[in-house]
Amino acid sequence: MIPVVCLINFSNIKEVQSVKIPNIDKFVHFCLYATFTFLWMWSLVKRNSKKSFLKYAFIIFVIATFFGISIEVAQENFTLTRSAEILDVFSNCLGALSGIIISKLILK
């Protein structure tokens, strides 16, 4: 789902054009990656030992970070309507970290 949302062109959708919230795309990136990492952490920790939480958190954060960077590179190189932004990568990383923290709080 994340690659589709991050690579398609939303500028032709009038409902999207009518939303005039500054930097809403950063919030969308944050929410996508928070959900992505939370669900992944929840799945792994529920199936395996909770003692491995930090190991899973580190691995998932690294994968989510590289995935986010890869999506930004793809936006820059393989689309005509999207471009890479460092703030998107930052939002992705912050969302991933938040998803891990939320999963820690919920899975206590």
query: With r defined as the distance between the Cβ atoms of VAL62 and LYS108 and R0 fixed at 35 Å, what FRET efficiency is calculated, to the nearest 0.05?
result: 0.90
Stretch gain in nm, segment LYS55-ILE69, where the contour uses 0.36 nm per residue and the Cα spacing is subtracted: 2.9 nm
message: To make sure I understand the rule: partners must be lysines, Cα under 25 Å from the Cα of LYS46, and not fewer than 8 residues away in the same chain. Which ones qualify?
response: LYS55, LYS104, LYS108
- prompt: How many nm is it between the label spots at GLU85 and ILE21, if each spot is 7 Å from the Cα in line with the beta carbon?
  reply: 1.4 nm
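No value in this document is a laboratory result; all are computed from the given coordinates. All of these numbers come straight from a predicted model, not from anything done at the bench. Glycine gets a Cβ as well: all are built from the backbone with ideal geometry, and neighbour counts include every protein chain shown.
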